[in-house]
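J.: Have a look at this one.
The values are calculated or read from the model by the stated rules, or taken from the named source; none is laboratory data. Computed from a prediction, not measured in an experiment: that's the story for all the values here. Note that we place each Cβ from the backbone using ideal geometry, even for glycine, and neighbour counts take in every protein chain shown. Heavy atoms of the whole protein, side chains included, go into the accessibility calculation; ligands, DNA and RNA do not. Shrake-Rupley method; radii C 1.70, N 1.55, O 1.52, S 1.80 Å.
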Amino acid sequence: MARLVDFFEALSPGDVVRLPRYYAADARFKDPFNEVQGVAAIQHVFTHMFEALESPRFVVHDIVVQGDQCFLTWDFLFRMRRFARGEQVVRGASHLRFDAHGLVALHRDYWDAAEELYEKLPAVGALMRWLKRRANA
């Protein structure tokens with residue numbers, strides 16, 4: 001598990017080709033924007049992340065391992081290319097399930113896209129904050 005966490009925390013565009021060392025060929029990945037299967041499709045998700053964002057990186061805070069499963073909490077830090085120039089933070093968690101060879105067979109990320117991303121966008125953010133206030137009124 002330590003190798004995988006080190007991999008995520010040091011991940012760079014050139015490291016995406018190394019995903020097959022950690023993921024099963026038919027692994028599944030799901031987050032609020034993607035649901036893909038196969039290591040090539042997962043590589044595409046990470047490649048797109050590096051193309052769409054400036055300086056993306058993960059900081060893992062907690063690791064809970066039980067049997068063939070792992071749960072991680074993390075911060076994802078990045079800068080948006082077209083909007084706010086300051087560093088942004090998305091707080092989330094990942095559920096990983098490993099196959100018999102110790103490779104990731106399932107990777108599911110959990111984070112609140114509305115709070116962690118949409119509210120930070122200029123026009124959409126104002127609408128999201130207004131909707132949130134109305135829902136809490």
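J.: Once the whole set of protein chains is in place, how much accessible area is left on GLU9, using a 1.4 Å probe, in Å² to the nearest 10?
T.: Looks like 70 Å² after rounding.
J.: Take ARG81 and LEU53, extend 7 Å from each Cα along the Cα→Cβ direction, and tell me the distance between the two endpoints in nm.
T.: Placing both labels 7 Å along Cα→Cβ, they lie 1.4 nm apart.
J.: Which of the listed residues, ILE42, PHE98, LEU53, is farthest toward the dipole's positive end in region 1-99, when Lys, Arg count +1 and Asp, Glu count -1 at the beta-carbon?
T.: Toward the positive end, the furthest listed residue is LEU53.
J.: Is the shape of region 15-82 rounded, prolate or oblate, going by the alpha carbon gyration tensor and its root eigenvalues a ≥ b ≥ c, with a/c under 1.5 for rounded and a/b larger than b/c for prolate? Show your work: numbers first, answer last.
T.: Working: a/c = 1.95, a/b = 1.19, b/c = 1.64.
Oblate, since a/c reaches 1.5 and b/c is not below a/b.
J.: How far apart, in nanometres, would the label points at ASN136 and PHE46 be if each is projected 7 angstrom from Cα along the Cα-to-Cβ direction?
T.: Those two pseudo-labels are separated by 3.6 nm.
J.: Determine the shape class of region 1-53: with a ≥ b ≥ c the square roots of the Cα gyration tensor eigenvalues, call it rounded for a/c under 1.5, and otherwise prolate if a/b is greater than b/c, oblate otherwise.
T.: On the way: a/c = 1.57, a/b = 1.11, b/c = 1.42.
Because a/c hits 1.5 or more and a/b fails to exceed b/c, region 1-53 counts as oblate.
J.: Put TRP111, TRP74 in order of accessible area, largest first, 1.4 Å probe: what do you get?
T.: Working: TRP111 50, TRP74 15 Å².
Ranked from most to least accessible, the order is TRP111, TRP74.
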